[in-house]
Every structure is written in C-alpha cells, then in structure tokens.
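Nothing in this text is a laboratory measurement; each read-out follows from the coordinates by a stated rule. What you see is a predicted model, and the numbers here were worked out from it, not measured in a lab. Cβ coordinates were reconstructed from backbone atoms using ideal geometry, including for glycine residues, and neighbour counts include every protein chain displayed.
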There are 2 protein chains.
Amino acid sequence: MTAIVNIFLKEGVLDPQGKAIHHALDAMNFEGVQDVRMGKQIVLKLTSTNRDEAIKEVTQMAEEILANTVIEDYKIELL
Amino acid sequence: MTAIVNIFLKEGVLDPQGKAIHHALDAMNFEGVQDVRMGKQIVLKLTSTNRDEAIKEVTQMAEEILANTVIEDYKIELL
C-alpha cells in the first residue's frame, strides 16, 4: 500500500521558499499568480494491507517525525 | 483557482532525503516501510478562471522554473 503525506506550513506562518518562487515567477513575466506556498510530499511504500492500520501508523509517523506540528499541518492519503 | 504542482524525482534517481527519512523511521521502530520518496508540493493561487488557460500556464511554469525536468517529473492538479 502507498501512503502520501502532504506537509505544508500552517496559515499565517511565513513561507520564504514560496515567496522566492513567487518573485521568480514575476521576474519571468508569469502574471496572474496571487500567492505561492511550498510544501513537502512524502511517499511511503508500506507492507501493511490493512487501511485502518496503515492510517494509524502513518498518522503516528507524521506526528512524531515527518511534520513539525508547531508550524506545519499534514494530510494523509492512501492509494 | 488553485493549482497544485507535485514535483518528485524520476524513477532511478537517488533520493537522499527519502533515504534519511527511511533510516529515521527504522530507528524509531516503525516497521513495515519498504521505501520512502520525498518530493515537493507547490500550491499556486491563480487569478485565471479558465481551466484550460490555467493548465497551460502552470505547465509552462513547471517546465521553465518549478521543476528540473532532467531529474524530476511533475503532476499538475487544479482545484
């Protein structure tokens, strides 16, 4: 089973990487971009075949090691 | 309109960040993880309301600046 964990900065937390991309897009004349946020995507290949168990395990991974929950939120998706 | 660009290393390209995460998960006794790949997720807020136009514009952004297409693939999703 494959689990995708998307990690992104919480609303209100400054995102210098996103800002840098926004500036670069402006400099290259890409108009019509209002805002850019940059996040991480972690793709985990799991041996588990039980969805409930996988969600539980990946949530624990996200809380304990993958995300910094002080400034980051995460979303888990199972494929 | 919101566009999400997921950027990940091509199959076969070494992923040291993913490997580091895998090691850390092993060290914390998370078993059942076969492989970890780490990618980027860029969320763009666009003024455009035309889906076809937005896809075209974001594809151009991804090709020219967001992704390094020598080693990275990307997927675009519109919300």
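Here are the numbers for the structure shown:
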item	result
Contacts under 6 angstrom Cβ, first residue in the range B:63-78 being closer than 20 Å to residue A:28 by Cα, partner among the small types (Gly, Ala, Ser) and assigned to a helix (DSSP H, G or I), 6 or more apart	B:65/A:24; B:74/B:62
Selection within the range B:27-51 - part of a loop (DSSP other than H, G, I, E, B) and either over 22 Å from residue A:2 (Cα atoms) or touching a His at 6+ places or on another chain (Cβ under 7 Å) (or both)	B:47, B:48, B:49, B:50
Selection within the range A:21-39 - crowded, with 19+ Cβ neighbours inside 10 Å and at the interface with chain B (Cβ under 7 Å from one of its Cβ atoms)	A:21, A:25, A:33, A:36, A:37, A:38, A:39
Given (1) facing another protein chain (nearest Cβ under 10 Å); (2) touching a Lys or Arg at 6+ places or on another chain (Cβ under 6 Å); (3) in a strand (DSSP E or B), number of the condition residue B:18 does not satisfy	(3)
Any hit, the range A:7-15, residues being within 25 Å of residue B:31 (Cβ to Cβ) and either within 9 Å of chain B (Cβ to nearest Cβ) or buried (at least 19 other Cβ atoms within 10 Å of the Cβ) (or both)	yes
Meets criteria (surrounded by 19 or more Cβ atoms within 10 Å (Cβ to Cβ), over 23 Å from residue B:62 (Cα atoms) and away from chain B (no Cβ under 11 Å)) for residue A:67	yes
Hey, residue B:59 within 12 Å of chain A (Cβ to nearest Cβ), exposed (fewer than 14 other Cβ atoms within 10 Å of the Cβ) and either part of a strand (DSSP E or B) or not acidic (Asp, Glu) (or both) or not	no
